[in-house]
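Colleague: The following block contains the structure, expressed as structure tokens.
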Amino acid sequence: MIKIEGLKKVYQIGDQQIQALRGVSLEIHEGEFVAIMGPSGSGKSTMMNVLGCLDKPTAGEYILDNYRISDAHDDDLAFIRNRKIGFVFQNFNLLPRTTAVENVELPLMYSGIPVRERKERAIMSLQNVGLGERLWNKPNELSGGQQQRVSIARALVNHPVILLADEPTGALDTKTSLEIMSIFQQLNDSGKTVILVTHEPDIAEYAKRIIRFRDGQIEEDQPVMKRRMAY
Ligand code: ADP
Ligand code: ADP
């Protein structure tokens, strides 16, 4: 599903060069659940921006679902981003003056889907994350956890091949964080490929694999040892 080889990203600030990624190689297969960890400045966000086709690498190869992203034109990137990738952010990134349904419909606007079908798919997507009772509420009428559910519904409405989440529980309390993580877990259980960034070990444990970055490189890449539940 994802193949990355010798990936580099250099930011140029004035005459200074910052090497955010210094040769990253990895493969992520369909159905994986990956947590990306590492100290601040280690390249996690840069990696997510490249994975999400928001940013092109300076060097190296990135193949997503048979598309060679590293060689793609910007127009193609926008198309691939819209069709193949679902994004979830720390601060939800919802439009404030629009309802949950309208927020979730947004990614479908670019796909030329008729209004009625758009609405139906948005409603179904919201029902799938347990928000069937809050369809017509605006973000400021919803709790943080509910807003994050809206953003997960929006991320999924186009049936993306990967779900990318950057600190999705960073703005939530512990109980709500676990509720949101159990949604990611259910999605992964039903086959969705999930990649998230977190600095919280308890959150990373929901994943099946943890990749640790340091100084723009992969420091460690290991499967998660699942704690045996004692009942
Ligand atoms: P992390 O997400 O792990 O905190 P980042 O990917 O944000 O790390 O940053 C990696 C390095 O790249 C840091 O040195 C950071 O300052 C630099 N960097 C990130 N984004 C930019 C940018 N848009 N312009 C210049 N430097 C950047
Ligand atoms: P408990 O004592 O209830 O097991 P935990 O903090 O271990 O408390 O878990 C809280 C919730 O998070 C539980 O519902 C559990 O199913 C889930 N959970 C904890 N660890 C993992 C893990 N490694 N993988 C999947 N789910 C987990």
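The values are calculated or read from the model by the stated rules, or taken from the named source; none is laboratory data. Source: prediction; values computed, not measured. Counting neighbours? That spans all protein chains shown, and the Cβs are built from the backbone with ideal geometry, glycine included. When the accessible area is computed, the model is the full protein with side chains, heavy atoms only, and any ligands, DNA or RNA have been set aside. Shrake-Rupley method; radii C 1.70, N 1.55, O 1.52, S 1.80 Å.
Colleague: In the Gaussian network model of the chain, springs joining C-alpha atoms below 10 Å, which of 175, 192, 119 carries the largest mean-square fluctuation?
Modeller: Comparing 175, 192, 119 in a Gaussian network model of the chain, the most mobile one is 175.
Colleague: Want the number for residue 137 to residue 75: 0.36 nm per residue separation, take away the alpha-carbon distance, what's left?
Modeller: Roughly 18.9 nm would be gained on extension.
Colleague: From the Cα gyration tensor of the stretch 153-231, with a ≥ b ≥ c the square roots of its eigenvalues, which class applies: rounded if a/c is under 1.5, or else prolate if a/b is larger than b/c, or else oblate?
Modeller: Rounded.
Colleague: Efficiency by 1/(1 + (r/R0)^6): what FRET value for residue 98 and residue 54, r their Cβ-Cβ distance, R0 = 30 Å, to the nearest 0.05?
Modeller: Efficiency, rounded to the nearest 0.05: 0.85.
Colleague: In the chain, carbon and sulfur make up what percent of the accessible area (probe 1.4 Å)?
Modeller: C and S atoms contribute 47 percent here.
Colleague: For a paramagnetic label modelled at 7 Å from the Cα of residue 3 toward its Cβ, which residues of the stretch 69-90 fall within the zone defined by backbone nitrogen distances under 18 Å?
Modeller: In the stretch 69-90, the label zone of residue 3 (backbone N under 18 Å from the point 7 Å along Cα→Cβ) covers 69-72.
Colleague: If a/c stays under 1.5 just call it rounded; otherwise compare a/b with b/c (prolate if a/b is bigger, oblate if not). Do that for the stretch 30-171, with a ≥ b ≥ c from the square roots of the Cα gyration tensor eigenvalues.
Modeller: oblate
Colleague: To continue, here is another question. Too long at a 31 Å Cα-Cα cut-off: which of 192/226; 56/192; 9/119; 119/208?
Modeller: The answer is 9/119; 119/208.
Colleague: As a check on your grasp of the helix formula, calculate [θ] at 222 nm for the chain: sum -39500 (n - 2.57) over DSSP H runs of n ≥ 4, divide by the residue count, round to the nearest 500.
Modeller: Mean residue ellipticity at 222 nm (helix-derived): -10000 deg cm²/dmol.
Colleague: Okay, moving on. Stretched out fully, how many nm does the piece from residue 13 to residue 30 gain, at 0.36 nm a residue minus the Cα gap?
Modeller: Full extension of this stretch gives 2.5 nm more.
Colleague: How many Å² of accessible area per residue for the chain, probe 1.4 Å?
Modeller: 52
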